[in-house]
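Down below is the structure, laid out as structure tokens.
Nothing in this text is a laboratory measurement; each read-out follows from the coordinates by a stated rule. As the structure is a prediction and not an experimental result, all values here were calculated from the model. Here the Cβ is made from the backbone with ideal geometry for all residues, glycine too, and neighbour counts use every protein chain on show.
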Amino acid sequence: MNEQKGVTLIELLITVAIIGILTAIAYPSYQSHVLKSYRNQAMGDLVMIQLALEEKRTKGHTYNDTNNTVANLCPSCDISGERYNYAITATTTNYTITAARQNAQLNDFCTDLTIKNTGQTGPAGCW
């Protein structure tokens with residue numbers, strides 16, 4: 001008798017279909033996790049900038065000091081602008097730090113992230 005060894009075309013097509021279905025389910029979930037991880041990094045950067053501003057304030061400086069740039073306040077923050085652009089809007093007594101979404105982060109359901117000197121964060125549900 002002649003035994004056939006190998007895979008039939010039907011078996012191969014079923015395997016390819018299963019892989020396709022699994023990929024269609026897994027890829028959006030993966031993308032969602034990537035966006036969330038970059039958002040969490042931006043939140044951490046905002047808090048680090050806030051801490052640096054508060055430290056300067058306790059040393060007698062004002063929030064709107066000309067040296068209060070993101071690069072000066074947080075050298076370890078990701079200021080490349082690939083995912084978020086950071087901005088500080090400040091007066092002598094108040095500030096708002098914003099992380100504006102860029103490029104692929106525009107697909108994140110959370111809009112631009114903010115944190116104020118009062119501790120108020122936005123948008124709600126994203127922190």
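Assorted remarks:
- At q = 0.15, 0.26 Å⁻¹, base-10 log of I(q)/I(0) for region 16-89 (Debye sum, equal scatterers on each alpha carbon): -0.60, -1.14
- Residue of 103, 40, 64 that the Gaussian network model of the chain assigns the largest fluctuation, springs spanning Cα pairs under 10 Å: 103
- Whether region 59-118 is rounded, prolate or oblate, judged on the alpha carbon gyration tensor where a/c under 1.5 counts as rounded: oblate
- Taking 19 Å as the cut-off, the amide N atoms of region 33-50 that come nearer than this to a point 7 Å along the Cα-to-beta-carbon line of residue 87 belong to 42-43, 45-47, 49-50.
- Ordering of 92-100, 54-62 by packing [mean C-beta count within 10 Å, highest first]: 92-100, 54-62
- The chain: translational diffusion in µm²/s, Stokes-Einstein, Kirkwood Rh over Cα pairs, 25 °C, 0.890 mPa s: 140 µm²/s
- Per-residue HN-Hα couplings for region 98-115 [Karplus 6.51, -1.76, 1.60; θ = phi - 60°; Hz; x = Gly/Pro]: 10, 10, 8, 5, 9, 6, 5, 5, 4, 7, 6, 5, 7, 7, 4, 8, 9, 9
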